[in-house]
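Accompanying notes for the structure given below.
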Amino acid sequence: MSLGPRRYYAVNWIGLWTLYSKEVRRFMSVATQTILAPMVTTLLFLAVFVLALGHAVDQVGGVAYMSFLAPGLIMMAITQNGFANTSSSILISKLQGNIVDLLMPPLTPLERLVGLAGGGLTRGLVVGVATWAAMLPFVQVQMAHPGYVLYHAIMASLMMSLIGMLAGVWAEKFDHMAAITNFVVTPAAFLSGAFYSASRLPEFWQGVAHANPLFYMIDGFRYG
C-alpha cells in the first residue's frame with residue numbers, strides 16, 4: 001500500500017515540538033556550562049557588590065540593598081542566557097554546516113521562530129529559577145506580586161531570545177557574535193539599573209537608562 005503525502009494542517013505540531021525539544025536538550029546536555037556557570041557568576045556578583053560596598057549602602061528605596069540587588073542580578077542572568085541560547089544555536093549550525101537540518105523540514109518560518117525562541121525562553125527561565133534558589137540562603141527574595149515576576153521574566157527572556165535570533169542570522173563568525181555580546185548586550189544589561197537605582201543618576205543618564213528596554217524589565221521584575 002502506497003502512502004500519500006502527509007498533511008500537517010494549520011500547524012505542524014510534531015515538527016514544532018521536535019525543534020523545541022532539540023533546543024532544550026541542547027542546553028540541558030551541557031548544564032554545567034549553561035545553567036551552573038551563570039548561577040555561580042551571579043552569586044559572585046552578589047558577593048562582590050555586598051562585600052565591596054559594606055555598609056556604605058544599607059538601603060535603596062527603603063529596601064535592604066541585598067534584597068534590591070538580587071532581583072536585578074536574577075533578571076540579568078535571565079536576559080543574557082535567553083540571548084545566548086538562540087544566537088549560539090543558529091551561529092553554530094551555520095558554521096558546522098547543519099543549518100540545513102533546520103531549513104529543510106516542513107516547518108513554516110513562524111514555527112521555526114516559535115521553536116527556537118521557545119528554547120531560549122526556557123533556558124532563561126531555568127537559569128533564573130536556579131539563580132533564585134541559590135540566592136535563598138543568603139538573601140531574602142520574597143514575591144509580593146507573582147504575576148509581575150512571571151510576566152517580566154517571560155517577556156525579558158523572550159525579547160532577548162528574539163534578539164539573539166537576529167544576531168545569529170546576521171553573524172558570520174564568532175568574532176561578530178562576540179562584538180554584539182560585548183558592545184550591545186553586556187552594556188545594556190549593566191546600564192539597566194540592575195545594580196543601582198536609576199533615580200540616583202544625573203538627569204542625562206536617567207534619560208539614557210529610560211531608553212534601555214531592559215530597564216523596564218528589571219524595574220517591573222523588582223517591583224514584583
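The values are calculated or read from the model by the stated rules, or taken from the named source; none is laboratory data. Just so it is clear, the model here is predicted, and its values are computed rather than measured. So basically every Cβ, Gly included, is an ideal-geometry build from the backbone, and we count neighbours across all protein chains shown. Remember, those area values only see protein heavy atoms, side chains included, never the ligands or the DNA or RNA. Shrake-Rupley method; radii C 1.70, N 1.55, O 1.52, S 1.80 Å.
With a 1.4 Å probe and every protein chain kept in, tell me what percent of the accessible surface of the chain is carbon plus sulfur.
Taking all protein chains in place, the chain shows 70 percent carbon and sulfur surface.
Rank-order 114-124, 33-43, 162-172, 179-189 by packing density, defined as the average count of other C-beta atoms within 10 Å over each peptide's residues, highest first.
Values: 114-124: 23.9, 33-43: 16.9, 162-172: 18.8, 179-189: 15.2.
Most protected by this proxy first, the peptides run 114-124, 162-172, 33-43, 179-189.
Skip the ligands, DNA and RNA, and give the accessible area per residue of the chain with a 1.4 Å probe, whole Å². Mind dumping the intermediate values first?
On the way: 12590 Å² over 224 residues.
Each residue of the chain exposes 56 Å² on average to a 1.4 Å probe.
Please report, in cubic angstrom per residue, the volume enclosed by the convex hull of the alpha-carbon atoms of the range 110-207. Before the final figure, lay out each step's value.
Working: hull volume 15.0 nm³, N = 98.
Dividing the Cα hull volume of the range 110-207 by its residues yields 153 Å³.
For the range 196-206, just list the computed ³J(HN,Hα) in residue order, Karplus coefficients 6.51, -1.76 and 1.60, θ = phi - 60°, integers in Hz, with x standing in for Gly and Pro.
My calculation for the range 196-206 gives 8, 8, 5, 5, 8, 7, x, 4, 4, 6, 5 Hz in order.
So, in Å, what gap is there between the alpha-carbon centers of the range 156-204 and the range 72-101?
Each part reduced to its Cα centre gives a spacing of 13 Å.
How big, on average over all directions, is the shadow cast by the Cα convex hull of the range 157-222, in nm²?
Values: hull surface 19.4 nm².
So the Cα hull casts an average projection of 4.9 nm².
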